[in-house]
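Below you'll find the structure, written out as structure tokens, and then a few comments.
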Amino acid sequence: MENNMNVKVKDNLRFNQTAVAGVIEALLLVALVAVIISTVQLVYVPDIMEQREAEHMDEVENQFSYIKSVVDLQAMLEEDVPISSPLTLGSRELPYLVTARAFGQISIVDNTENHIDLSFASDIPLNHVLYQAQNSYYLDQDFILEGGAIFLKQYDGESIKVEPSLTIENRSSTIYVEWIIPSFNSVAGKNMTAGYKNCFIRTNYSSSSNYGGASGATTDYIKIYSTYLDGWNQTFGKLLKEEIDQGYITIKKHPDESPTHVLIEPGTKSITIKINLVTIGAQIGPGIVVQ
């Protein structure tokens with residue numbers, strides 16, 4: 001009888017040891033999985049999301065270039081043919097992992113402070129299309145379509161991405177500039193949207209105005225008042241580099257302290273300018289606005 005009891009006790013001990021080993025093994029597996037998931041979440045996911053948002057910014061740049069090409073075509077043909085252009089506002093989170101969405105806002109800005117002054121004309125509008133990214137992992141960026149140019153703005157400054165529709169000729173006694181400027185006109189309720197999905201910008205030719213006549217007119221200065229002075233200063237500094245180097249004209253942000261505009265003035269040659277201001281009707285989102 002005693003022997004039978006000893007056998008049962010030994011069997012129970014063996015059973016209990018096996019059970020404890022199984023529990024420890026399960027806990028170790030859970031801990032391993034938790035470490036792997038934590039490593040992926042903390043190390044790899046931010047890099048993946050940053051790359052995802054950077055690719056989205058590249059996509060927005062391409063879409064802005066497409067919008068510019070559509071607007072340039074409408075301005076050149078001067079035909080009231082509405083065209084809708086897509087724009088991706090943001091990007092979604094990754095499934096099954098803890099990530100955040102990226103959002104964006106697109107708006108048509110009618111800011112009277114953004115304009116061009118010439119010695120024979122003033123307050124030529126520079127209404128623009130503005131996209132503002134609100135990224136969670138990549139740096140925030142703004143894309144601006146103003147005066148026919150596309151600018152990129154971020155925390156460390158502005159840069160020109162696509163040049164405006166400009167014709168520049170270095171003539172014997174004058175620098176001739178012909179500039180096609182699209183100016184966007186919108187109505188309340190159809191000039192802004194935000195989110196992370198796709199939206200559409202509908203544009204159409206509305207009207208045009210000429211400054212300087214068929215052959216252009218001589219001006220004592222070109223003053224560009226804009227929120228994006230660095231972008232315009234860089235643009236004209238690049239386009240007119242040879243003329244600046246030869247002393248034919250001068251370009252600078254003015255005044256030196258707290259500049260309000262980019263100032264282009266004659267040097268050893270005069271400036272002749274012709275501006276074709278094209279009003280482009282624009283609306284964001286579905287539906288048609290009847291004015």
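Can you divide the C-alpha Rg of the stretch 27-161 by 2.2 N^0.38 Å and report the result to two decimal places?
For the stretch 27-161, the normalised Cα radius of gyration comes out at 1.47.
Among PHE184, PHE103, which comes first, then next, by fewest other beta-carbon atoms within 10 Å?
The fewest-first ordering by Cβ neighbours comes to PHE103, PHE184.
How far, in nm, would the chain grow between SER258 and ALA26 when pulled straight, counting 0.36 nm per residue and subtracting the alpha carbon separation?
Length gained between SER258 and ALA26: 76.8 nm.
Classify the stretch 5-284: rounded, prolate or oblate, from the alpha-carbon gyration tensor (a ≥ b ≥ c, eigenvalue square roots; a/c under 1.5 rounded; otherwise prolate if a/b is larger than b/c)?
Because a/c hits 1.5 or more and a/b exceeds b/c, the stretch 5-284 counts as prolate.
How far is helix 229-239 tilted off the main Cα axis of the chain, in degrees rounded to 10, range 0 to 90?
Compared with the principal axis, the helix lies near 60 degrees.
Test of understanding: what is the full-extension gain from THR167 to GLU55, defined as 0.36 nm times their sequence separation minus their Cα-Cα distance?
Additional length available on full extension: 37.0 nm.
Starting from the Cα of VAL33, move 7 Å in the Cα-to-Cβ direction to define the label point; list residues of the stretch 82-102 whose amide nitrogen is under 16 Å from there.
Counting backbone N atoms under 16 Å from the label point, the list is 96-97.
For LYS253, which lysines qualify as cross-link partners when the Cα separation must be under 28 Å and same-chain residues fewer than eight apart are set aside?
LYS68, LYS153, LYS161, LYS223, LYS238, LYS241, LYS269, LYS274
Over the chain, what is the relative contact order in whole percent, taking alpha-carbon pairs under 8 Å and six or more residues apart?
Answer for the chain is 19 percent.
Which ³J(HN,Hα) values in Hz, rounded to whole numbers, follow from the phi angles of the stretch 218-228 under the Karplus curve 6.51 cos²θ - 1.76 cosθ + 1.60, where θ = phi - 60° and Gly and Pro get x?
6, 10, 7, 6, 10, 10, 10, 9, 7, 5, 10
When TRP232, TRP179 are ordered from fewest to most other Cβ atoms inside 10 Å of their Cβ, what list results?
By the 10 Å Cβ count, ascending, the order reads TRP179, TRP232.
How would LEU77, LEU277 line up from fewest to most surrounding beta-carbon atoms within 10 angstrom?
So the ranking, lowest neighbour count to highest, is LEU77, LEU277.
May I ask you to compute the full-extension gain from LEU139 to LYS241, defined as 0.36 nm times their residue separation minus their alpha-carbon distance, rounded to one decimal in nm?
Extending this stretch completely gives an extra 33.6 nm.
Once amide H atoms are built 1.01 Å from N in the peptide plane, which residues 5 or more positions from VAL162, or in another chain, come under 5 Å H to H?
ILE150
Output the antiparallel fraction of DSSP beta bridges having both residues in the stretch 5-284, as a percent to the nearest 5.
DSSP beta bridges in the stretch 5-284 are roughly 85 percent antiparallel.
Any read-out appearing in this document is the output of simple, stated calculations on the displayed coordinates, not a laboratory observation. Values in this document were obtained by computation on a predicted structure and should not be read as measured data. FYI the Cβ positions are ideal-geometry reconstructions off the backbone, even for glycines, and counts take in every protein chain you see.
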